[in-house]
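**Q** This is the structure I want to talk about, given as structure tokens.
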Amino acid sequence: MIKKIRILIADDHTMVRQGLTQICNAEPDMEVVGQAADGQEASKLALQLEPHVVVMDINMPVLDGVQATRYITENAQHVSVLILTMYRQDQYVFEAIKAGARAYLLKDADSDELLRSIRIVAGGEALLDPAIALKMMDEFRRIKETGEADEGLDDGTSQQIAQLSDREQEILKLVAPGLDNRTIGDRLGLSEKTIRNRLTQIFEKLQVNNRIQATLVALRQGLARLDEE
């Protein structure tokens, strides 16, 4: 019997919730266990229903998607949040990632991309829409060129990077372009379990919660690139 991915849909538009529910429930390995029309309801249901993944809109009443994501990641760490929104602005991306979202996907993505993203996030991985990732790289370059303060992530990241061993930095460089644990292990001659354990240590040293946040630290400090070979 297939173990289904339990999904909570959070969006203030009824037709969107219904459409996403139909798409997910049509998959043999997915089951929508609840729907929420605002961030407060999403936060409550995430604790009650214990979904594997919350598909979260950003612009919602009562609590917005960022606030709801922050509450869920702080109080139900086993629940992964996938942001699905129309907003491309850097402000929303940074805030969602700081709040602990594991993925940020635009609503113009097709259904296959959404389903793939849900499966990736349910498996403990993280991802960014390629268009969003490029926008963030442009923002990092702009900040570096202008000397502006970067409010995207916590201060002191250069010191945190320095705490990483040479092997940990190698792993982080391969995380940035989106390689999974198995591929990273194959490249470095290490087991998938070892990579997973090393990533946990990297996250602790960088004081981040997931691969996206770790990638942004590495990109901002010039340790890695999205097109790393």
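The values are calculated or read from the model by the stated rules, or taken from the named source; none is laboratory data. Treat the numbers as computed from the prediction; the structure is a model and nothing was measured. Glycine also receives a Cβ, built like all others from the backbone with ideal geometry; neighbour counts cover every protein chain displayed. Protein only, heavy atoms only, side chains kept; ligands, DNA and RNA dropped before computing areas. Shrake-Rupley method; radii C 1.70, N 1.55, O 1.52, S 1.80 Å.
**Q** I need every pair where a residue in the range 115-127 that is more than 10 Å from His52 (Cα to Cα) has its Cβ under 6 Å from the Cβ of a residue that is surrounded by fewer than 20 Cβ atoms within 10 Å (Cβ to Cβ), sequence separation at least 6 or different chains.
**A** Hits for this filter: Leu127/Ile120.
**Q** Okay, next question. Could you tell me whether Arg167 is more than 23 Å from Val81 (Cα to Cα) and open to solvent by 70 Å² or more (accessible area, probe 1.4 Å)? Explain how you work it out, then say what you get.
**A** On the way: more than 23 Å from Val81 (Cα to Cα): yes; open to solvent by 70 Å² or more (accessible area, probe 1.4 Å): yes.
Against the criterion (more than 23 Å from Val81 (Cα to Cα) and open to solvent by 70 Å² or more (accessible area, probe 1.4 Å)), Arg167 qualifies.
**Q** If you don't mind, there's one more thing I want to ask. Return the pairs, sorted by first residue and then second, in which the second residue is in a helix (DSSP H, G or I) and open to solvent by less than 70 Å² (accessible area, probe 1.4 Å), the first residue lies in the range 187-210 and is touching a residue at least 60 places away in the same chain (Cβ under 8 Å), the beta carbons are less than 7 Å apart, and the residues are 6+ apart or on different chains.
**A** Asn209/Thr73; Asn209/Phe203
**Q** Identify, from the list Ala103, Ala109, the residue that is of a type in the set (A, V, I, L, M), surrounded by fewer than 24 Cβ atoms within 10 Å (Cβ to Cβ) and modelled with pLDDT under 90. Let's see the steps before the verdict.
**A** Details: Ala103 fails: surrounded by fewer than 24 Cβ atoms within 10 Å (Cβ to Cβ).
So the residue among Ala103, Ala109 that is of a type in the set (A, V, I, L, M), surrounded by fewer than 24 Cβ atoms within 10 Å (Cβ to Cβ) and modelled with pLDDT under 90 is Ala109.
Conditions (1) over 18 Å from Ala46 (Cβ atoms); (2) assigned to a strand (DSSP E or B); (3) among the hydrophobic types (A, V, I, L, M, F, W, C); (4) modelled with pLDDT under 85, marked per residue:
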| position | (1), (2), (3), (4) |
| --- | --- |
| Thr73 | no, no, no, no |
| Gln77 | no, no, no, yes |
| Tyr87 | yes, no, no, yes |
| Gln91 | yes, no, no, yes |
| Phe94 | yes, no, yes, yes |
| Arg116 | yes, no, no, no |
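**Q** On to the next question. For the range 102-118, name all the residues that are over 19 Å from Val79 (Cβ atoms) and not small (Gly, Ala, Ser).
**A** Step one: filter the range 102-118 for residues over 19 Å from Val79 (Cβ atoms), giving 106-113, 116.
Scanning the range 102-118 gives Leu106, Lys107, Asp108, Asp110, Asp112, Glu113, Arg116.
**Q** Quick check on Val55: is it under 21 Å from Glu31 (Cα atoms), modelled with pLDDT of 85 or more and touching a Ser or Thr at 6+ places or on another chain (Cβ under 7 Å)?
**A** Values: under 21 Å from Glu31 (Cα atoms): yes; modelled with pLDDT of 85 or more: yes; touching a Ser or Thr at 6+ places or on another chain (Cβ under 7 Å): no.
So Val55 does not fit the description; no.
**Q** Please return the ranges of helices (runs of 4 or more DSSP H) entirely within the range 147-229 where 1 or more residues are modelled with pLDDT under 80 and among the charged types (D, E, K, R).
**A** Numbers: elements: 157-162, 166-175, 181-188, 192-206, 211-220.
By residue number, 211-220.
**Q** From the list Val79, Val62, Val55, exactly one residue is of a type in the set (A, V, I, L, M, F, W, C) and buried (at least 24 other Cβ atoms within 10 Å of the Cβ). Which is it? Talk me through it step by step, then tell me what you get.
**A** Values: Val79 fails: buried (at least 24 other Cβ atoms within 10 Å of the Cβ); Val62 fails: buried (at least 24 other Cβ atoms within 10 Å of the Cβ).
None of the others qualify; the one that does is Val55.
**Q** What pairs come up if the first residue lies in the range 15-38 and is in a helix (DSSP H, G or I), the second is open to solvent by 50 Å² or more (accessible area, probe 1.4 Å), and their beta carbons are under 7 Å apart, counting only those six or more places apart or on different chains?
**A** Arg17/Gln35; Thr21/Gln35; Ile23/Ser111; Asn25/Glu31
**Q** All but one of (1) surrounded by 14 or more Cβ atoms within 10 Å (Cβ to Cβ); (2) modelled with pLDDT under 70; (3) closer than 25 Å to Arg70 by Cα hold for Ile143; state the number of the condition that does not hold.
**A** If we test Ile143 against (1) surrounded by 14 or more Cβ atoms within 10 Å (Cβ to Cβ); (2) modelled with pLDDT under 70; (3) closer than 25 Å to Arg70 by Cα, just (3) comes out false.
**Q** In the range 39-52, how many residues are open to solvent by 10 Å² or more (accessible area, probe 1.4 Å) and either in a strand (DSSP E or B) or among the aliphatic types (A, V, I, L, M) (or both)? Please lay out each step first, then the result.
**A** Keep residues of the range 39-52 that are open to solvent by 10 Å² or more (accessible area, probe 1.4 Å), which gives 40-41, 44-45, 47-50, 52.
From what is left, the residues that are either in a strand (DSSP E or B) or among the aliphatic types (A, V, I, L, M) (or both) are 45, 47, 49.
Total meeting the criteria: 3.
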